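The structure under discussion appears below in the form of C-alpha cells.
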Amino acid sequence: MTDVLRRTYVDTSWGQVHAVTAGDGGPWIGLLHESPLSSEVWLDVARALAGRARVVAFDTPGYGASAPPPREGLELGDYAAVIAEACAALEMEAPIFAGVHTGAALAVELAHLVPGTAGIVLSGISLFSPEQRDEFIAGWTPPVPTDTEGAQFDWAVERYRRIWPELTPELLHVAAMQLLRVKDRYHWGYQAAFRHDPRELLRTATCPVLLLDAEHDMLAFADAEALELAQDGRLEILPGLPGQPHLRVPETYADHLVAFATECASSQKVTP
C-alpha cells in the first residue's frame, strides 16, 4: 500500500527546510515539533489527517533534515521567521499551526508572521518564571558524551527514560535517534525556546487558540495562565496522558485538530 506521506524541501534564507506533507484538500495544518526532535514525531498524526486536511510537518531549522541556523545563539523568533518563509513558499492559506513545547512557542510566533493564520493549537506552552527559565537554561542541555564505547547511546536512552514517563520502546527509539542525529547542536533550539517568553505574543494573537494538552505534561502548569492571556482561547485536556499526546494518541490528536480547523474556517467564512 502506498504511503500518503510525501517529503519536500523548501529554500529559505537559512538554507533548505525539510517537511513531510500529506493530503490534497481541506484546511492547511502546519505541525511543529518539540526540541530536539523532528517531523518524525508527527508521522502518525499526518497520516490520520491526510484525507481531511493539507498537512505540513516541518523540521525546525537545525533539526531533522533541515539546514541549521547560521550560528548558535539566535532567538526563537528568528527560527519562526525562516519557517514563515517556508510557509509562503508552500503557499499555505489560512493555516492552523499546531505545536508541542518548542513547537507551541513557534506556533505563537507564526500567528504574527503568517498572514491569515486561522488558529493555533498549543500542547505544552512554556510560560516560565524567571527562576524556572534560569534552571532550564543552566541544566537541561548538557553536552552529549561521545566515545567509541557508545556513551552517547547510553546517555540518550537514560535521558528519555528520565524525562518521558511510561516510555515505550517505540517512543524511546524515535526520541533517542532524532536527538543523536543532531547531538552537537541539539541544544541550539532548546536554548532559544528557554530564552523565549511568548506571553505578549499570546496576549496579542487575534486568532482562536486551542490549548490541547496531555493531563500530566511537564508544562501543563502553564495552561491556566495561557488561557487567561488568550483573547479567544479554550482548554481541552487529554486525560491520563503523561505527555507527548501526538505520539501516544495520534488519531485522537488529529481529530481535535480537524474539529478546531473546521470551526476556525467556519468563523472566517472560509470553506476548507
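Here are some notes:
- Sorted by Cβ density within 10 Å, fewest first, the residues S267, S39: S267, S39
- Placing +1 on the Cβ of every Lys and Arg and -1 on the Cβ of every Asp and Glu, with no other charges, gives the stretch 1-76 a dipole of roughly 260 debye about its Cα centre.
- Applying Stokes-Einstein at 25 °C and 0.890 mPa s to the Kirkwood radius of the stretch 43-141, computed over alpha-carbon pairs, gives a translational diffusion coefficient of 166 µm² s⁻¹.
- Here the chain has an Rg and Dmax of 17.4, 59 Å, counting Cα atoms alone.
- Overall form of the stretch 202-272 per C-alpha gyration tensor (a/c, 1.5; a/b vs b/c): oblate
- Among W155, W188, the ranking by other beta carbons within 10 Å of each residue's beta carbon, starting with the fewest, stands as W155, W188.
- Gaussian network model of the chain, springs between alpha carbon atoms under 10 Å - residue of A65, A98, A224 with greatest fluctuation: A224
- DSSP-defined antiparallel bridges as percent of all bridges, the chain, nearest 5: 30
- Residue of P242, P142, P169 that the Gaussian network model of the chain assigns the largest fluctuation, springs spanning Cα pairs under 10 Å: P169
- For the stretch 6-267, the relative contact order is 21 percent, taking Cα pairs closer than 8 Å that sit 6 or more residues apart in sequence and dividing their mean separation by the residue count.
- Projecting the Cα atoms of T262, S126, G139 onto the charge dipole of the chain (Cβ charges, centred on the Cα centre) puts T262 farthest toward the positive pole.
Values in this text are rule-based calculations from the coordinates and carry no lab data. These figures come from a predicted structure and were not determined experimentally. Every residue, glycine as well, gets a Cβ built from its backbone with ideal geometry; the counts of neighbours run over all protein chains shown.
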